[in-house]
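Asker: Please read through the structure below; I'll follow up with questions.
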Amino acid sequence: MNKAEIKKAIECEIDLILSINGATIDEFQNLEVPAVLVPLNTKRGHYPRAPREKVEYLMKLVKKSGKLGYKRVIADPILEPVNRGFVESLSSFYELRGLDPELPILMGIGNVIELYDADSVGMTALLVGAASELGASFVLTVEASDKTQGNVAEVRKTREMMTISRLRSTVPKDLGLDLLILKEKRKVFDLYDKNVEKVARTIHASAKKEFKLDQKGFFKIFVDKSEIVAVLYAGRDPKIVIRGKTAEEICDEIIERGLISDIEHAAYVGRELQKAEIALRTGRSYLQEKELF
């Protein structure tokens with residue numbers, strides 16, 4: 001941010017300046033608004049990569065801010081993406097904390113998560129855990145892409161887990177809350193008694209490829225933001241639109257209104273509605289008749 005942008009932001013009573021560097025630090029005196037300091041100088045193109053050099057430069061900025069009357073400063077050594085110096089940059093946080101145990105630190109984990117094509121939840125758990133060990137006061141993340149939608153909530157829950165585990169002096173396990181979304185700590189299932197097959201006829205299922213049009217029409221199913229939408233068509237004309245949060249709600253409406261006459265069509269619509277609900281709950285894309293995973 002340049003001087004004009006920061007001044008305008010201060011006039012608008014912002015809560016935090018993100019961020020001030022070696023090129024802009026002299027532009028302000030007696031700054032009341034909390035300001036994040038980063039170890040670079042945009043005018044000179046100076047950005048030390050080596051942890052010790054980076055931390056030394058950042059501490060110079062911290063000391064300078066004190067002389068300029070900055071009231072509340074937060075240090076951000078800058079966490080780099082994986083394969084762009086991630087481990088080295090993480091060690092900068094450790095080195096900085098060793099130099100000043102009381103200095104407020106911000107860790108921007110969004111750089112790592114947005115620039116990694118992997119589910120955000122596991123990375124968030126580890127990165128926020130590292131921030132907690134380092135005594136960071138702030139964690140910055142963004143939801144800039146579809147794959148990171150919900151990341152703020154993931155950060156919040158991880159923070160709660162780390163707070164509890166720290167108070168208990170335990171690892172973040174068996175806390176009463178977790179970040180397990182698609183996996184489970186322990187699988188629970190009803191035991192199947194194969195003796196049933198000795199007295200009952202066993203049929204090995206196979207998919208039927210034949211398509212038969214229901215005389216009542218056909219359904220086109222969508223996920224629209226936070227709802228499932230089922231549209232009944234008669235030919236090319238839409239007749240009824242049903243909106244709901246769950247597959248069960250929409251199925252109940254379809255049955256109650258007698259909108260399906262063929263049992264195979266009912267089974268098909270039920271499967272698709274359940275897929276749509278899973279997509280809604282997991283943040284996956286839903287396209288009718290396409291696999292979710």
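Asker: Taking LYS147 as the anchor, which aspartates and glutamates have their alpha carbon closer than 16 Å to its alpha carbon, excluding any fewer than eight residues away along the same chain?
Answerer: Within the straight-line cut-off, LYS147 pairs with GLU114, ASP117, ASP119.
Asker: Pairs LYS187/LYS245; LYS212/LYS290; LYS209/LYS290; LYS183/LYS220; LYS7/LYS60; LYS185/LYS275: which exceed 21 Å Cα-Cα?
Answerer: LYS187/LYS245; LYS183/LYS220; LYS7/LYS60; LYS185/LYS275
Asker: Out of LEU179, SER91, ASN2, whose Cα points farthest toward the positive end of the dipole of the chain (charges: +1 Lys, Arg; -1 Asp, Glu; placed on Cβ)?
Answerer: SER91
Asker: Ok, one more. ARG186: net charge of surrounding residues, Cβ under 14 Å, Lys/Arg +1, Asp/Glu -1, itself excluded?
Answerer: Net local charge, ARG186 excluded: +1.
Asker: In the stretch 14-112, what % of DSSP beta bridges are antiparallel (nearest 5)?
Answerer: 10
Asker: Might you report the magnitude of the Cβ-based charge dipole of the stretch 108-267 about its Cα centre, with Lys and Arg at +1 and Asp and Glu at -1, to the nearest 20 debye?
Answerer: Around 300 debye, computed over the stretch 108-267.
Asker: Report the calculated FRET efficiency for LYS3 and GLU143 (r = Cβ-Cβ distance, R0 = 30 Å), to the nearest 0.05.
Answerer: Step by step, r from the Cβ atoms, then E = 0.55.
Asker: If you find the alpha carbon centre of the stretch 198-275 and of the stretch 17-51, how far apart are they in angstrom?
Answerer: One Cα centre to the other: 58 Å.
Asker: Let me ask another. Please report the antiparallel percentage of DSSP beta bridges with both residues in the stretch 3-168, rounded to the nearest 5.
Answerer: Close to 10 percent.
Every number in this text was worked out from the coordinates using simple rules, so none of it is lab data. Given the structure is predicted, the values throughout are model-derived calculations rather than measurements. Methodologically, a virtual Cβ is constructed for each residue, glycine included, from the backbone with ideal geometry; neighbour enumeration extends over all protein chains shown.
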